[in-house]
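The next block holds one structure in the form of structure tokens; read it before the comments.
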Amino acid sequence: MKLASLKQGRDGRLVVVSNDLAWYADAGHIVATLQAALDDWDRYEGDLRNLATDLDHGMIPKERFHEHDAASPLPRAYQWADGSAYVNHVALVRQARGAEMPDSFWHDPLMYQGGSDGFLGPRDAIPLADEAWGCDLEAEVVVVTGDVPLGATRDEALAAIRLVGLTNDVSLRNLIPGELGKGFGFFQSKPASAFSPVFVTPDTLGEWWQDGKLQRKLMVDLNGEPFGRAEAAEDMTFDFGTLVAHAAKTRKLGAGTIVGSGTVSNRDADGGPGKPIAEGGVGYSCLAEVRTVETIAGGKPVTPFLKKGDTVRIWAEDDRHHPIFGVIEQTVE
């Protein structure tokens with residue numbers, strides 16, 4: 001089942017989307033918003049699935065699904081917690097600045113709590129007031145949970161995952177050092193993120209969802225050129241069951257909590273830092289990583305951060321090269 005929210009009011013209008021992303025059926029007669037559906041999933045899930053089946057079999061009225069009309073599936077959320085499941089990415093960034101890599105990073109996930117009072121739609125522009133802030137894309141996988149009990153085990157956390165999707169977790173890299181230097185975490189350096197046009201139930205992904213990992217490539221284009229083709233399941237130190245359980249260690253999580261994987265990152269086949277696609281590698285899912293590799297290799301970064309007019313495109317494909325979650329496509333303005 002694929003769910004989306006069309007732009008309408010603060011919380012959007014819930015629709016069920018066909019598997020090929022071509023059509024939608026309004027779900028308002030069942031439940032008005034995705035958050036309301038998540039709040040009472042056991043009550044609404046069956047009716048939403050029946051609606052999805054009827055849509056895919058052409059048994060009900062349908063409308064064309066246009067991704068430009070979509071908000072984030074959750075236009076705002078009670079919680080947005082972003083992890084760093086790809087420790088390879090963290091290790092490279094720390095290596096570039098000469099910082100020691102604590103051993104705990106390999107068995108205790110990093111996680112921060114991001115702003116969730118408003119998200120960008122998948123085709124909304126990235127607002128950037130000052131290019132000197134160092135605007136970066138971050139292509140990630142995300143999950144959305146139902147209610148998760150305090151102290152949930154990994155298996156309980158996996159069972160609580162309702163939906164899977166993608167995000168562009170926008171970062172302002174040049175503001176991060178000053179904020180972290182205060183010892184109190186991110187705030188201004190983490191503006192609004194954008195999410196894929198649709199979120200998908202794990203069962204719909206079939207074999208592409210195994211052990212809390214998305215078994216697909218995360219595709220990233222920058223200004224029309226291939227930038228990243230990393231395998232989302234490879235080099236993922238912490239699966240989503242582990243990440244959600246980590247978030248629930250000292251608190252219960254409310255339905256509609258979004259948990260991110262952090263920037264998807266693959267090492268090269270020889271175990272070293274990843275290479276650009278033009279050099280036979282799988283590329284990168286953020287600019288900070290390629291700049292880090294450039295710093296390690298040549299002493300300084302060469303690739304610039306995003307500037308006004310740049311366009312970012314993020315998606316994941318099925319076996320026929322069709323987007324599974326739709327496409328995040330954003331231009332910096």
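The values are calculated or read from the model by the stated rules, or taken from the named source; none is laboratory data. All values derive from a computational prediction rather than experimental measurement. Because the Cβ atoms are built from the backbone with ideal geometry, glycine has one as well, and the counts that use them run over all protein chains shown. All accessible areas refer to the heavy atoms of the entire protein, side chains included, with ligands and DNA or RNA removed. Shrake-Rupley method; radii C 1.70, N 1.55, O 1.52, S 1.80 Å.
A few points about this structure:
- Top-ranked residue of the stretch 207-222 - restricted to ones that are buried (at least 19 other Cβ atoms within 10 Å of the Cβ) and charged (D, E, K, R), ranked as farthest from residue 311 (Cα to Cα): 213
- Residue-level analysis places residue 225 among those that are open to solvent by 60 Å² or more (accessible area, probe 1.4 Å), under 30 Å from residue 309 (Cα atoms) and not aliphatic (A, V, I, L, M).
- Which listed residue is under 17 Å from residue 325 (Cα atoms) and touching a Ser or Thr at 6+ places or on another chain (Cβ under 8 Å), from 21, 14: 14
- Test for residue 148: is it touching a residue at least 24 places away in the same chain (Cβ under 8 Å), open to solvent by less than 20 Å² (accessible area, probe 1.4 Å), more than 23 Å from residue 285 (Cβ to Cβ) and not small (Gly, Ala, Ser): yes
- Flag not set for residue 262, criterion: surrounded by 20 or more Cβ atoms within 10 Å (Cβ to Cβ), part of a loop (DSSP other than H, G, I, E, B) and modelled with pLDDT under 95.
- Residue 31 under 15 Å from residue 196 (Cα atoms) and aliphatic (A, V, I, L, M): no
- Residue pairs meeting the criteria (Cβ under 8 Å; at least 6 apart or on separate chains; first assigned to a helix (DSSP H, G or I), in the stretch 275-287; second open to solvent by less than 10 Å² (accessible area, probe 1.4 Å)): 277/228; 277/283; 287/136; 287/137; 287/306
- Filter result for residue 302 (buried (at least 17 other Cβ atoms within 10 Å of the Cβ) and at negative phi): no
- Within this structure, residue 291 fails the test of being within 18 Å of residue 138 (Cβ to Cβ), open to solvent by 20 Å² or more (accessible area, probe 1.4 Å) and in a strand (DSSP E or B).
- Number of the condition not met by residue 94 [criteria: (1) closer than 30 Å to residue 286 by Cα; (2) surrounded by fewer than 15 Cβ atoms within 10 Å (Cβ to Cβ)]: (2)
- Subset tally (residues that are of a type in the set (Lys, Arg) and at pLDDT below 95) for the stretch 61-90: 0
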